[in-house]
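Scroll down for the structure; my scribbles are underneath it.
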Amino acid sequence: MSKLRNSSLDFSVATLNFLANIGIALPYVLILFKYQQTHSINYLVAIIVFYVARAASVFWTKHLDLKASSYLLICLWLGVIGSLIFSLTSNLVGVIIAALCLGYTSANIWPYYLTIKLHLSESTDFKLKQMYWLIFLGLAVLFGLDFWLDLKYRLAFVLLALLFIIAIPAGKLLNQFSLAFYNEHEAGQHHPVRLWRVLVFIVFFAAIGLLTLLRKVNLTIALPYVLGVVLLAIVLLNVELAADWKFMPANKVRILNRGFLLSFVLLFNSFFGYFMFGKSGMYLVFGLYLLGFEGGRPLYLALTHQAKPQAAKLASSGLILGHLLALTAIPALYAVGLLLIALYIGFENPAINDSVYAAEKNDPDLAIIHKYRFSTYGGLLCQLCFFGLLVAVSALNHLQLMTFFNPSNTALKITYQMGMTWPLVGLSLIISLINLYGQFHQTPQQPTA
């Protein structure tokens, strides 16, 4: 019986590990597939609500007097509720509630999971077993079964709910394991919610919701008004950023840079990839990102014989070269440029996690949340600049916004490259150089990667 109980807990932890790693993407992909299958306005609204909720949730979490382990359990229960609602109904109110639940879970399950893992690395010898990663293969087969049998994604959402349920015992286990850490660390000071920030937050994410909608459907809104919305959103984003600036002791520009680079590679180039590489462009870009993200750190450490300072300099040189190659109109060089940028992201990510966690003295529970908050700031800044440039290019060339998001040929490659890629690459390079200058000229007392 004890062996069976241990095996069940192993499977539960494996499932939690799986959900934490793919939770930011899988629910969105399933909702998107459902919309593409049905073309229902209800699922279009669900996509918008999910996207906005996912972007917004990382800013409005940790306001209750709860531990990170408790928030992780909340994420799991909201995942159960949202998945079950999507499996049972297509009612507008129902899918909005489900999208809100899954949006919050997608934004926060990984930050809180990683926070607890870092806590446990300090206070216990708890480690993930190697077999935990095998769960990816088995669950991929189960989701594939839904697609193959054409069960209209109901089974997929039922399976997703089941996964969240299976992961709950693991969440409770991690909660118990983390008690030793919390006994040694006092809870951080909680900051009151100010009304002006609530109003800025609502207006900003209403603007983000409208801009997201414009990527999905053709709406007859004059482009100058759309550009006004973009500029308003950029101003409000900077107001929010300034208000949060003092809450993170170090690494702010470093993390902003990470978020900007992520959005440039994954969001902008998911669409621009069609003009550069043809119909398989989106898949190629995603493949380059995965290769770089997973291989960046082991590659650069191997090339420098595990010397981290030299590896950091090599990764930084690759980042600068990647930006320069991304300015070219040659697909092969452009692909290498994206790969070099992705390799830098992959190299930096673990170092950022360790540095952020080590620098947070007041409330370690907030370290990773702050990381993703500032990374989201960088990502949203890239998205807003991207959309502002698209509005300007579309107005000057008398094009519909949807021409970029739903291209039928690559004839506009040079137009979009000169009007959008070059300015975005230039801005990204400036932020990257500021970040690198700050990293390599920091004082010895500051945490180093």
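The values are calculated or read from the model by the stated rules, or taken from the named source; none is laboratory data. What you are looking at is a predicted structure, and each value in this text was computed from that prediction instead of being measured. All Cβ positions, glycine included, derive from the backbone under ideal geometry; neighbour counts span all protein chains shown. Remember, those area values only see protein heavy atoms, side chains included, never the ligands or the DNA or RNA. Shrake-Rupley method; radii C 1.70, N 1.55, O 1.52, S 1.80 Å.
In this model, which of K117/K252; K246/K308; K34/K279; K117/K308; K34/K67 are farther than 32 Å apart at the alpha-carbon?
Beyond 32 Å: K34/K67.
Can you tell me the FRET efficiency between A395 and S8 if r is taken as the Cβ-Cβ distance and R0 is 45 Å, rounded to the nearest 0.05? Show your work: numbers first, answer last.
Details: r = 59 Å, r/R0 = 1.31.
Taking R0 as 45 Å, the efficiency between A395 and S8 is 0.15.
Solvent-accessible area of I31, all protein chains in place: 0 Å² (probe radius 1.4 Å, heavy atoms, ligands and nucleic acids excluded). Amide H contacts under 5 Å for A250: none, restricted to partners 5 or more places along the chain or on a different chain, H placed in the peptide plane at 1.01 Å from N. For the peptides 250-257, 418-425, the ranking by packing is 250-257, 418-425, with the highest mean count of neighbouring Cβ atoms within 10 Å listed first.
Could you give the dipole magnitude of the range 251-441 about its Cα centre, charging the beta-carbon of Lys and Arg +1 and that of Asp and Glu -1, in debye to the nearest 20?
Working: 11 positive and 6 negative charges, 35 e Å.
Roughly 180 debye for the range 251-441.
Note that the range 415-420 has calculated 3J(HN,Hα) couplings of 4, 6, 5, 5, x, 10 Hz, one per residue in order, obtained from phi through the Karplus relation 6.51 cos²θ - 1.76 cosθ + 1.60 (θ = phi - 60°); glycine and proline are x. Of the solvent-accessible surface of the range 251-441, computed with a 1.4 Å probe and all protein chains present, 69% belongs to carbon and sulfur. Near A307: Cβ cut-off under 14 Å, other residues only, Lys/Arg at +1 and Asp/Glu at -1. The net charge is +3.
Entry comment: accessible area of the range 251-441 is 39 Å² per residue, from protein heavy atoms only and a probe of 1.4 Å. D65 sits with roughly 120 Å² accessible to a 1.4 Å probe, with DNA, RNA and ligands left out of the calculation. As a calculated quantity, the FRET efficiency between Y283 and F247 at R0 = 35 Å, using C-beta atoms, amounts to about 0.35.
Quick one: which of 33-43, 18-28, 335-345 comes out on top by average Cβ neighbours within 10 Å, and what's the full order, highest first?
Numbers: 33-43: 14.9, 18-28: 20.3, 335-345: 24.3.
The densest-packed peptide leads the list: 335-345, 18-28, 33-43.
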